[in-house]
Ligand code: CA
């Protein structure tokens with residue numbers, strides 16, 4: 001699956017090597033040389049995953065991981081720490097700071113790509129082409145089709161992405177701004193009301209199949225897809 005990846009690495013040759021390999025694997029890559037630079041980049045762009053060097057000038061990779069985890073906008077972005085330190089206590093410190101994985105330098109490109117795929121499958125399921133569903137609702141991202149009890153549901157492309165995101169993150173509440181980040185990304189033009197409009201269109205499309213009730217409004221918080229009574 002192709003993802004948007006931020007590489008934070010202060011050594012240009014290593015940064016270049018990683019980005020070339022990731023681009024060859026189909027990912028879209030942006031790079032930063034320090035945590036501070038990465039932090040300002042994240043103000044305008046949210047990647048699907050961050051590859052983060054431990055030893056950086058200024059804020060360290062571990063400190064930056066803690067910062068990412070403390071901010072609502074970046075809390076859920078998977079982080080893989082890269083480090084020449086292979087002591088067990090360093091790995092534990094990295095994982096305790098909130099990193100999803102820890103890779104010891106030097107590593108092969110193949111290992112890095114494989115580890116990225118594992119994390120993306122687990123943490124960013126909306127990038128996967130796997131068929132997903134809840135109850136009689138089935139979403140096929142490869143074919144871009146939705147059915148309820150086998151009957152096709154016609155959706156616009158935004159409603160399709162919104163539904164796919166919600167189905168892959170069922171039973172969790174997302175604010176309108178979180179939905180904008182995950183479903184629209186940096187291309188978003190509009191305001192929170194735009195989200196309400198697309199939710200309303202999605203519910204209307206699901207109404208004939210009797211599935212509109214799964215898209216819940218959570219007062220004061222946002223929306224969730226839930227099949228719980
Ligand atoms: Ca470094």
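Does residue 89 count as modelled with pLDDT under 95 and touching a strand residue (DSSP E or B) at 6+ places or on another chain (Cβ under 9 Å)? Walk me through it before giving the result.
Details: modelled with pLDDT under 95: yes; touching a strand residue (DSSP E or B) at 6+ places or on another chain (Cβ under 9 Å): no.
No: the conditions fail for residue 89.
If I ask for residues that are under 19 Å from the mean Cα position of the chain (by Cα) and more than 13 Å from the ligand (Cβ to nearest atom), which ones from region 1-22 would you list?
Kept after step one, since they are under 19 Å from the mean Cα position of the chain (by Cα), are these residues of region 1-22: 1-8, 19, 22.
Scanning region 1-22 gives 1, 2, 3, 4, 5, 6, 19, 22.
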Out of the residues in region 56-88 that are assigned to a helix (DSSP H, G or I) and closer than 19 Å to residue 30 by Cα, state the one that is farthest from the ligand (Cβ to nearest atom).
-> 68
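Filter region 23-55 down to residues that are closer than 20 Å to residue 84 by Cβ and within 20 Å of the chain's Cα centre (by Cα) and give me whichever is nearest to the ligand (Cβ to nearest atom). Spell out the reasoning first.
Our first condition is that a residue be closer than 20 Å to residue 84 by Cβ; within region 23-55, this holds for 31-35, 38, 50-55.
Keeping just the survivors that are within 20 Å of the chain's Cα centre (by Cα) gives 31-32, 35, 38, 50-53.
Values: 31: 13, 32: 12, 35: 11, 38: 13, 50: 15, 51: 12, 52: 10, 53: 4 Å.
Among those that are closer than 20 Å to residue 84 by Cβ and within 20 Å of the chain's Cα centre (by Cα), it is 53.
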Read through the list (1) in contact with a helix residue (DSSP H, G or I) (Cβ under 8 Å, 6 or more places away or on another chain); (2) on the phi > 0 side of the Ramachandran plot, then give the number of the only condition that residue 53 fails.
-> (2)
Residue under evaluation residue 160, criteria (1) in a helix (DSSP H, G or I); (2) at pLDDT below 95, criterion not met = (2)
Of all residues in region 1-48, count the ones that are more than 17 Å from residue 186 (Cβ to Cβ) and assigned to a strand (DSSP E or B).
-> 2
Which of the residues spanning region 133-166 are surrounded by fewer than 17 Cβ atoms within 10 Å (Cβ to Cβ) and without any contact (Cβ under 8 Å) to a residue 40 or more places away in the chain?
-> 133, 140, 142, 143, 144, 145, 147, 150, 152, 157
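The values are calculated or read from the model by the stated rules, or taken from the named source; none is laboratory data. Everything numeric here is computed off the predicted structure, so don't read it as measured data. Note that each Cβ is placed from the backbone with ideal geometry, even for glycine, and that neighbours are counted across all protein chains shown.
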